[in-house]
Amino acid sequence: MSKKSVLENHKKFETDIESIIKYGLGIIDDKSLHKKEKRVEKEKFMLLEALLLRSCALWESFMENEVVFLVNLEPNNLKNEMGLPKNTKLNLKLIRAMIFSDRYRDYYNIKQSKSSLNKIIAVRYNLSKNIEKERIEKISFIYKMRNYLSHYSAFSRKKLFIAYQNMFNYKKFQEPGAFLMKQKGKYFESLIHNFKLVSISMKQKLKEEI
């Protein structure tokens, strides 16, 4: 396993995110469909919501691979955490099994995952430390939207509404599709692109260590 493989993980993820943005903006800008048709408008809302959910799934997959790859670059922290002898030979399959097989773990929330990542990733490769607060807050907002779309519970709706109030000073709740459609997809593009910007920040830190 080389550092090149970690960079390839970033490249693939960033390419996938760009494809989602391009597709979403194409949906928003589709002039062949009459804007005033409520059915068409609703379909656009649903497609944008689906693209947001897909971007979250890609981010989670990217982060899972990233953690495994970074631990593999310098696995002593994981060995210490697991109580393994320092001469234990590890590979990607073993690392993935040790991190993810005993219980479900999800590192999509960088803020909440920092303490866990510090335990298993060497300081020099802990790329989460290079991410700006604004980027982390945007990911948190995206996941409030994602949780609402996944459950439609009163609790998730309340959390999303509070996020709307805090970030955009909204007075009324707005369904995610309608929000993502606003201003010709300004919010859609900004939020999804944030995933790529986080990846770029992490990648820049990694290149400094190569």
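Derivation of every value follows stated rules applied to the coordinates shown; laboratory data play no part. Because the structure is predicted, anything quoted here is derived from the model rather than measured. Because the Cβ atoms are built from the backbone with ideal geometry, glycine has one as well, and the counts that use them run over all protein chains shown.
Here the Debye sum runs over all C-alpha atoms of segment 3-209 as equal scatterers in vacuum, and log10 of I(q)/I(0) at q = 0.08, 0.09, 0.10, 0.12 Å⁻¹ comes out as -0.33, -0.41, -0.50, -0.68. Ranked by the mean number of other Cβ atoms within 10 Å per residue, highest first, peptides 110-118, 125-133, 58-66 order as 58-66, 125-133, 110-118. Quick one: grab the alpha carbon gyration tensor of segment 29-144, order the square roots of its eigenvalues as a ≥ b ≥ c, and give me rounded if a/c is under 1.5, else prolate or oblate depending on whether a/b is larger than b/c. Note, shape of segment 29-144 comes out prolate. Residue by residue, segment 80-96 carries 3J(HN,Hα) couplings of 5, 5, 8, x, 9, x, 5, 8, 5, 8, 10, 9, 4, 5, 5, 4, 4 Hz when phi is fed to the Karplus relation 6.51 cos²θ - 1.76 cosθ + 1.60 (θ = phi - 60°); x denotes Gly or Pro. For the residues 180, 52, 25, a GNM of the chain with alpha-carbon springs under 10 Å puts the largest fluctuation on 25.
Taking a straight Cα-Cα cut-off under 16 Å and skipping sequence neighbours fewer than 8 places away in the same chain, the lysines within cross-link reach of residue 3 are 11, 12, 203, 205, 207.
Taking a cut-off of 16 Å between Cα atoms, list the lysines near residue 44, but don't count ones fewer than 8 places away on the same chain. Filter leaves 22, 31, 35, 36, 182, 184, 186.
Taking 7 Å steps out from each Cα toward its Cβ at residue 123 and residue 94 produces label points 2.6 nm apart.
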